Amino acid sequence: MPNTLARNIAALRKFLGDTQAKFAERLDVPQSYISKWENHGNEPTARSLARMADLAGIGLERFMDEEWPGQDSSRKPRAVAAPLPDIPPTRGVADGDGAISLKRINLGFAMGDGSNLDDYVEEGTVEFDPNILRMISQSPPHRMLVAHGVGDSMQPTLLDSDMLVIDTLQTRLNMTDRIWAIALYGAGAVKRLRPAADGKVEIISDNTMHDRQIVDAVDVRIIGRVVWSGRRH
């Protein structure tokens, strides 16, 4: 059965009077993506989600998590508006605006079982230029965190001291070639994930010296997707 997001995507497309091909063109994605979103529960990228939420005339989180009433909505979707550009105009530090502060946490140091972001020790904030941040993700800044790599399990892709930006709006495991910040048995980790049979998840390290693990999905909490990394040279 389609989830809330899948139903909202289908409802928006039909409200706009689009075929799947037209809707895909409107969002600048392959047509095959529309069917996967509507019928198989695949989650769109943050950019596509932001475009659809704008067309629906509601906030991004509401579009993802709450039933969109479509034609009965008191706020008309902006169906006639031109598609958003890939990177919406954003004023930044160079324009005289201040930087955006993202909360920094220590993934390797949870005071609880790791099932809640409040379990992790805060280590201050990191400032980003708004324009740079928008290039990294279209999610709201308050849904993004900064952390550092944990151990050597993701080498050579990520090093222990690398700075990571984590998008906490992306917590659904629907793309296998991605890196996720997770809590595994209460401990923070940065890993690739892959759905496995019988309600299990495969935990994958890029470092071949670390074995893959298959665990129950209930033992893995996705904190968010790692959308950017940087290191000092």
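Computed from the coordinates by the stated procedures, all read-outs in this text should not be read as laboratory data. Please read all numbers here as calculations on a predicted model, not as lab measurements. Positions of Cβ are generated from backbone atoms using ideal geometry, with glycine treated the same way; all protein chains shown enter the neighbour counts.
Considering the zone a paramagnetic label at ASP177 would reach in this model (a point 7 Å from Cα along the Cα-to-Cβ line), which residues of the range 16-40 have amide N under 17 Å from it? It comes to 30, 32-33, nothing else. Within the straight-line cut-off of under 30 Å between alpha carbons, the lysines reachable from LYS200 are LYS36, LYS191, sequence neighbours fewer than 8 places apart in one chain being disregarded. What you get for the range 4-72, charging only the Cβ of Lys and Arg (+1) and of Asp and Glu (-1), is a dipole of about 240 debye around the Cα centre.
When the gyration tensor of the range 137-233 is built from Cα positions, what are the square roots of 5 times its three eigenvalues, in whole Å, from largest to smallest?
Details: eigenvalues 86, 60, 22 Å².
So the three semi-axes of the range 137-233 are 21, 17, 11 Å.
When the Cα atoms of the range 4-72 are aligned to their principal axes, the ranges along those axes come out at 26, 22, 19 Å in descending order.
Counting neighbouring Cβ atoms within 10 Å and putting the fewest first, the residues PHE15, PHE63 line up as PHE15, PHE63.
For GLN155, the residues 5 or more places off, or on other chains, whose built amide H falls under 5 Å of its own are ASN207.
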